[in-house]
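Quick notes on the structure that follows.
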Amino acid sequence: MKLPALLLLAAASASFAADPALTIYNGGYAVVRETLPIDLKSGVNQVSFAGATAQVEADSVILRDVAGKAEFQILEQSYRNDPVSQAMLLSLFEGKTLEFVRHEPNKPDRTLTGKVVRSGFVPGGNFVEPIIEVDGKLQFSLPGEPVFPSLGTDNVLKPTLNWKLQAATAGKFEAEVAYLSRGFTWEASYNLVAEEKGDTLDVVGWVTMNNQSGMTFPEAKIKLMAGDVQRVAENSPTMALAAARGGVVMDAPVVTEKSFDEFHLYTLANPATLRDKETKQVEFVRATGVKAERIYIFEGRGNTRRGTPGKVQVYREFRNTEANKLGLALPKGKVRFYSQDGDRQLEFVGENTIDHTPKGEVIRVLTGNSFDLVGERRQVNQTEDEANRVATQTIEVKLRNRKAEPVVIRVREHATRGGKWTLTAQSQPHEKVDATTFEFVVPVQPNEEKVVTYTIRSTW
């Protein structure tokens, strides 16, 4: 398998990078890590960080000295995220006077002074018309474009984290600010290309990242966590405020693939800029010549009506092993199948999804129904003895192959009654799949019809 050096699995290390870093999860959130230079004096210090996203989970914030040398205690922490709008700014000046610049066609601009009686700002975004007093008269509109003075240090125009820190001694250090933020997603997708005839596939895997956090991350180190991470309900406390020292930080080794805890963590080998409102794709796996088996399955129960042929499902199955040109943990995602026709053009032939798939597992994906294979199922006989809790059924399945080549169709049947069951008669041997499922493996030649019959006895 040829793996581009774009995605690496992260391993544990004690190193720390000054660049912004993201670990994006399947659940629509990310861990954001930023560097904040801090110059502490002995005693109480006020520290602010204005680089947070607009969707911070405020109770998840961690401020720490990664080197573990600074001695400080967090006395208070607060988060401000005032929605910036003209009405919000006007609300800061209710009862006060402002200058308004009036623009009129074919006239020079002129400046008016007015008192803000009502700003029109309502938390939640509802609109209320402002009221401005100009020359002792009230008007239900702005007399011009408002000109705002400096807001001072107590007001913010972008999301800001503030800390009150108690330091035993003075000192400078590079702090790490880490927090959970909503507004991030990532997903994997796979394009599988097969010859029209043959048993090999080419596999190309992509990860797609989306940033709706309200913030751009330039040259960020990006990781993608694959797996089902447990989170509590939205209205429950998720993480406590904390100050930590030392600890473990993920760092990317040479091109390898390892697990992280109970999950898999993929790291972009090179820093990437992930802009707000941006969707970015990165190729993370490319494999050629993957051995794949085409499997035909006829699910008899519920598939046919009396006198109506049923559908034979088509699956592609391959092993996720190094011997089969793969052999890495594959995140869940959509799988699209393409087939090359005689003139080497690609045609789309189906899609489905796969779950998180560890190395060494078998992947079986339903791609659709066969056009040229049909099946019919009918119940030939049925008896039921309620007193002795015994029932028998005789089932007939007809399979027809209208292809130009021979195929093997798996007829999948199910024991529909609870309790014990056995086949008392069968036209050919069956394979038991699980406690209630069994299959007949039936080779069918071109333009041939094969008939499978069996009698099942159930007791309860």
Original post:
In this structure, does K450 turn out to be crowded, with 18+ Cβ neighbours inside 10 Å and among the basic types (K, R)?
Top reply: yes
Original post:
Within segment 82-144, which strands (runs of 3 or more DSSP E) (wholly inside it) include 3 or more residues that are modelled with pLDDT of 85 or more, surrounded by 12 or more Cβ atoms within 10 Å (Cβ to Cβ) and in contact with a Pro (Cβ under 9 Å, 6 or more places away or on another chain)?
Top reply: 97-102, 110-118
Subject >> Matching residues, segment 174-186, being crowded, with 17+ Cβ neighbours inside 10 Å and either modelled with pLDDT under 90 or in a strand (DSSP E or B) (or both) >> reply: A175, E176, V177, A178, Y179, L180, S181, R182, F184, T185, W186
Original post:
For T53, which of the numbered conditions (1) outside any loop (DSSP other than H, G, I, E, B); (2) modelled with pLDDT of 85 or more fails to hold?
Top reply: (1)
**OP:** Sort out for me the strands (runs of 3 or more DSSP E) sitting completely within segment 267-385 that have 3 or more residues that are of a type outside the set (S, T, Y).
**Re:** 278-291, 293-299, 310-319, 333-340, 346-354, 362-385
Subject >> Residue within segment 427-435 that is among the β-branched types (V, I, T), within 26 Å of I295 (Cβ to Cβ) and not in a strand (DSSP E or B) present >> reply: yes
Original post:
Pairs under 9 Å by beta carbon, first residue in contact (Cβ under 8 Å) with a residue 60 or more places away in the chain in segment 269-284, partner acidic (D, E), six or more apart or different chains?
Top reply: P271/D19; P271/E219
Original post:
Considering only residues of segment 366-399 that are closer than 14 Å to Q313 by Cα and free of Cβ contacts under 8 Å to residues at least 60 places away in the same chain, which is surrounded by the most Cβ atoms within 10 Å (Cβ to Cβ)?
Top reply: T367
**OP:** Tally the residues that are more than 24 Å from L201 (Cβ to Cβ) and either under 29 Å from the mean Cα position of the chain (by Cα) or modelled with pLDDT of 90 or more (or both), restricting the search to segment 272-321.
**Re:** 10
Subject >> Matching residues in segment 88-142 - criterion: being touching a strand residue (DSSP E or B) at 6+ places or on another chain (Cβ under 7 Å) and among the aromatic types (F, W, Y) >> reply: F93, F100, F140
Original post:
What pairs come up if the first residue lies in segment 418-438 and is under 15 Å from Q393 (Cβ atoms), the second is aromatic (F, W, Y) and assigned to a loop (DSSP other than H, G, I, E, B), and their beta carbons are under 8 Å apart, counting only those six or more places apart or on different chains?
Top reply: G418/W460; G419/W460; K420/W460
Original post:
Any residue in segment 2-18 that is at pLDDT below 90, touching a strand residue (DSSP E or B) at 6+ places or on another chain (Cβ under 7 Å) and polar (S, T, N, Q)?
Top reply: yes
Subject >> Hits in segment 24-43 (condition: under 18 Å from K332 (Cβ atoms) and in contact with a Leu (Cβ under 7 Å, 6 or more places away or on another chain)) >> reply: I24, Y29, A30
Original post:
How about segment 407-426: which of its residues are out of contact with any Gly (no Cβ under 9 Å at 6 or more places or on another chain) and in a strand (DSSP E or B)?
Top reply: V407, V408, R410, K420, W421, T422, L423, T424, A425, Q426
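The values are calculated or read from the model by the stated rules, or taken from the named source; none is laboratory data. Since the structure is predicted, the reported quantities are computational estimates derived from the model, not experimental observations. Neighbour counts are summed over all protein chains in view; Cβ atoms, including those assigned to glycine, are modelled from backbone coordinates with ideal geometry.
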